[in-house]
1. Which of the residues belonging to the stretch 260-300 are in contact with a Cys (Cβ under 7 Å, 6 or more places away or on another chain) and crowded, with 19+ Cβ neighbours inside 10 Å?
2. For the stretch 387-406, which positions are of a type outside the set (A, V, I, L, M, F, W, C) and either more than 23 Å from GLN465 (Cα to Cα) or modelled with pLDDT under 95 (or both)?
3. If only one of LEU364, LEU353 is over 18 Å from ASP198 (Cβ atoms), touching a Phe, Trp or Tyr at 6+ places or on another chain (Cβ under 7 Å) and crowded, with 23+ Cβ neighbours inside 10 Å, which one is it?
4. Of all the residues that make up the stretch 496-509, how many are buried (at least 16 other Cβ atoms within 10 Å of the Cβ) and in a loop (DSSP other than H, G, I, E, B)?
5. Is there a residue being among the aliphatic types (A, V, I, L, M) and farther than 30 Å from SER397 by Cβ anywhere in the stretch 254-269?
6. Of the residues LEU249, LEU245, LEU260, LEU182, only one is more than 25 Å from LEU38 (Cβ to Cβ) and in contact (Cβ under 8 Å) with a residue 60 or more places away in the chain; which?
7. Go through LEU369, LEU286 for me and flag whichever is in contact (Cβ under 8 Å) with a residue 12 or more places away in the chain and either assigned to a loop (DSSP other than H, G, I, E, B) or of a type outside the set (Asp, Glu) (or both).
8. Mind checking which residues of the stretch 367-380 are surrounded by fewer than 18 Cβ atoms within 10 Å (Cβ to Cβ) and within 20 Å of GLU72 (Cα to Cα)?
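The values are calculated or read from the model by the stated rules, or taken from the named source; none is laboratory data. It should be emphasised that the depicted structure is a prediction, and the values quoted were computed from it without experimental measurement. Cβ placement follows ideal geometry from the backbone for every residue including glycine, while neighbour counts extend to all protein chains displayed.
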Amino acid sequence: MNIVLPTLHVRRSVQAVPLAAACLAAALPVDARKEVHLLDLFPDQSDEAMAEEILSRSPELVAFPVYLWNREKVLSLARRLKGAQPSLWVLAGGPEATADAENLLREQGLDAVIRGEGEETFREMVQDLERGEGLKPLPGITLRGPQGILSGPDRDSGAVFAAHSSPWLTGVLTPQPGQGVLWETSRGCPFGCDFCFDARGSRGVGHLPPERLEAELDLFVRCGVSQVWILDSTFNFPPERGKSLLRLLAEKAPHIHFHLEAKADFLDRETARLLAGISCSVQIGLQSVRAEVLRNIHRSLDPGGFRQKMHLLSAEGVIFGLDLIYGLPGDDYSGFCESLDFALEFAPNQIDLFPLAVLPGTTLHGNRLRHSLRAQEEPPYEILESATWSPADLARSRRLAAAADIFYNAGRAVGFFSALLRSTGRNPVSFLEEFALWALGAGGVAEEHFLNAESWEAGEVNRLQEAFISQLFEIEGRHDLLPAAMDLIRYHYHFAETLLGEDTAPAPPELLRDRMVWDTPWRIAPTVRMVSFSYEILDFLETGGIDLEQFSSMFRPVGSVALFFRRNFEVFCESLEEDFFKLLQGSDGKRSPGEIFAGSISRREGEEIVEFAVAEGFLIP
C-alpha cells in the first residue's frame, strides 16, 4: 500500500522534524516501510501546492499529525484531497485528534482519526486495509461509518512505548550534519496540571530503555548533529533518571547542544552541576507566583524553594528560561505583573509568556463554567474572558508579553536588563510597560507588528532599544550614563549576532605564500564585525557586572573600536589598535595595504599587520 505521511510544520526551522509521522512509519513491517513517503509541508505553501505534492506520490492512504497550529489547514487540505481522489483513505492523529476526534470527523475530509499513541493502531489499521477489510473501529480509532461515527475502545499503550521501533535506528529518519533533531526519551507526564494535555492521552509515563537511548545518541554523534530537543515534559523526574541521562550526554556528546524541560521541585545541586557539564538550555514552567492561582490548576509553588533552585542554576552558569501563563483562573493583570517581576528577578536567558489555552480534553476545559471562563471554540482556544479577566486586561497582558518578548528575548537583554533597571529606578514590569507605551506611540511601531514578536529582526530590535533608552535617560536627566548604557546594549547585541553567525576560519598557508600581501587588495571577511564604542571596550569586559553609575565614575569615554569574531563556536572581542583599525576599515577590495597606509608606517611594520590579519582570516582576497 502506497502511504504518504505529510507533516504540516509550524514554520521552516531546524526543529521541523516529522517525528510523529516517522514513528508511525517505523511501526510498520520492514517491507511496508518501503512504501511510506514522509513529506514536510509549510504554511507558506498554498493548499493547491501541498495537495499536488501529496497526490504526486500516488497515495492510497494519507495520514496527518494534527496540532493546534495546523488543524484548520489540515482539514482544508483533507477535503481537497478527497475531492480530487474520493477513493483515497485520509486519516489524522495527534493531540487534536485524541482530544476532539468526533468534531474533527464532523468537519468532513477525514475517514478516521487515531486517538492516543498511534503506532500499534496504525499498524493494525494498515494491515486491515491491505487485506481489503476496510476501516474497523479498532482500539484507538474513531471512524465515519454508514450509520454515523463509531469509536473503538481506548488503547492503553503506554506500557509498550519502550517496545516501539526507533524512527532513528530504523533509518526512517536520518540525522543531518550540523542540523537539529527531536529526541523522544519518554512519553506522557506524571503530573496532572488542569490546563495541560500531556498526561491525558497516554495515561502515565513510558520511558525508553537506556540501551536504546545510548544507541540513538551514538547515531546523532556519528552524523554530526549540532542540537537536540529532548521531548520529555520533565526530564528530571524521577531525579535519578534525569541525572543518569545527563551523565550519558556528558560522556557521549559534550559538543552537542541540548534543549531540556525541567521541574524546579526536583532540581538539586548535583543536577545543576551535571547540567553545567554539558552544552544545554533548560526551560522551567513557573506559570504563576500566586499560590491560590496555582491551586486552581493543581499546581503548587514554594517561592523560597524556587528562588533557591534558580540560584543553584545561576551559580553553576546553567542557561535557563522560565514560562508564565496569563489568563489563569483566579488570576488577574496585577497577578500576572507580580509573576513577571518575580520571574525576571532571576535573570533567565528567556522568558516565555503565553495566554491561557483552554484545550479540549483537559480538566480545565471541563471546568470552564465553574470559572466563568470563555475561550475560542477553534484553535488556538485562547481565553477571551473569565470571572477575573476582562478582555481589556487580557489585551494589556498581551502587550506586556510582547514587550518582554521584543525587548528582553529578541533584544538579548539578559546581560544588561538589571543594569538598566538600577539606573532608571524601575522594576521589570514598569520598565516594559513604559517601553510598550513608547514603542506604540513615539516609537512609531504599529500595534499589529508590535504584537507579532516573531516578525522582528534582531537589528530592528536593537535600534528600537537604543532609541527608547536614549529618551528614557533624557527624561531621568541621566545624560552622564547614556554613553555607558549604549555601549552595554551594543556589546551584547554584537556578541549575540557573532555567536549566531559563522566561524572566522584561519587562512590556508598557501594564501600568504602565493601573494604579495602589501600590493594585494583585500576585503574584510563577512564573518567579522567592527563596532565603535564610547568607552574602551576592554574596560567593559574587565569590570564585568559593575553598574552604570560606578562604571561612569571610574572611566572616561575615550572611545574604542572592537573586533568581534567567532572561532570554534567561541566569540572573541578585541580592542583594535589604530593601525590595525586603519587597515581593516580601508580594506574594501579595491585598495592595497600600501595605498591604505600611504607612508604612515613603514612597509615592514605594515606587512606584519597585514600578514597577521590575513592569517587569522580577518582579511580575504
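1. LEU260, ILE297, ARG299
2. THR388, SER390, PRO391, ASP393 - these are the residues of the stretch 387-406 that are of a type outside the set (A, V, I, L, M, F, W, C) and either more than 23 Å from GLN465 (Cα to Cα) or modelled with pLDDT under 95 (or both).
3. Being over 18 Å from ASP198 (Cβ atoms), touching a Phe, Trp or Tyr at 6+ places or on another chain (Cβ under 7 Å) and crowded, with 23+ Cβ neighbours inside 10 Å holds for just one of LEU364, LEU353, which is LEU353.
4. Result for the stretch 496-509: 3.
5. Looking through the stretch 254-269, at least one residue is among the aliphatic types (A, V, I, L, M) and farther than 30 Å from SER397 by Cβ.
6. It is LEU245.
7. LEU286
8. GLN376, GLU377, GLU378, PRO380
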